[in-house]
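Peer 1: Below are the structure tokens for one structure; questions will follow.
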Amino acid sequence: MPAMQGFDEVYLRHYHDVYLFLLRLARDEDTAEELTQATFVQALLHIGRFEGKCELRVWLCQIAKHLYYKECKRRGRALPLPEHDALREDERSLQNAMEDRDDAFRLHLLLHALEEPFKEVFSLRAFGELPFARIAEIFGKTESWARVTYHRAKRKLQERMEESSHEN
């Protein structure tokens, strides 16, 4: 039973961080709560897979992220779009594209076709509103790597949006 007591401590220490991470992704308290619980169940079931290569909180957020994407796929819906006020100033051109339904659909198609890690880093930053430090933790990279990867992804999407608008 001592292992379970240790896991209770992990739960109490990391619950709030995992919940906030999922709340940013899902933008829904019920979904975030449900997936947070599922995250800790999965972590308990697979604790033997934790190799200590990253912080435990980061490992838990990786589990949470995978459960979130699995849930989105199960529900057959795309990731939620950010609120207008939540966008940063440097993302205005992409926001303008999202205002038009056709452009928004085209942007989602382009994002879907974007190669990794650009797709995930962009989604975590733009839609999940995660700080670069957290994104870096998830990938086990530096904060500057997360910044550069995000800006490259944004540039690729903007270029591809321009290319696709010239084709139409």
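The values are calculated or read from the model by the stated rules, or taken from the named source; none is laboratory data. As the structure is a computational prediction, the values presented were derived from the model and not from experiment. Glycine gets a Cβ as well: all are built from the backbone with ideal geometry, and neighbour counts include every protein chain shown.
Peer 1: Which residue pairs have Cβ atoms closer than 8 Å, lie 6 or more positions apart in sequence or on different chains, and pair a first residue in segment 135-157 that is in contact (Cβ under 8 Å) with a residue 60 or more places away in the chain and within 20 Å of residue 24 (Cβ to Cβ) with a second residue that is of a type in the set (Val, Ile, Thr) and assigned to a helix (DSSP H, G or I)?
Peer 2: As it stands, the answer is 137/58; 138/58; 140/58, since those pairs meet every condition given.
Peer 1: Also: So if I check each of 88, 75, which one is basic (Lys, Arg), surrounded by 11 or more Cβ atoms within 10 Å (Cβ to Cβ) and either modelled with pLDDT under 80 or within 26 Å of residue 133 (Cβ to Cβ) (or both)?
Peer 2: Result of the check over 88, 75: 88.
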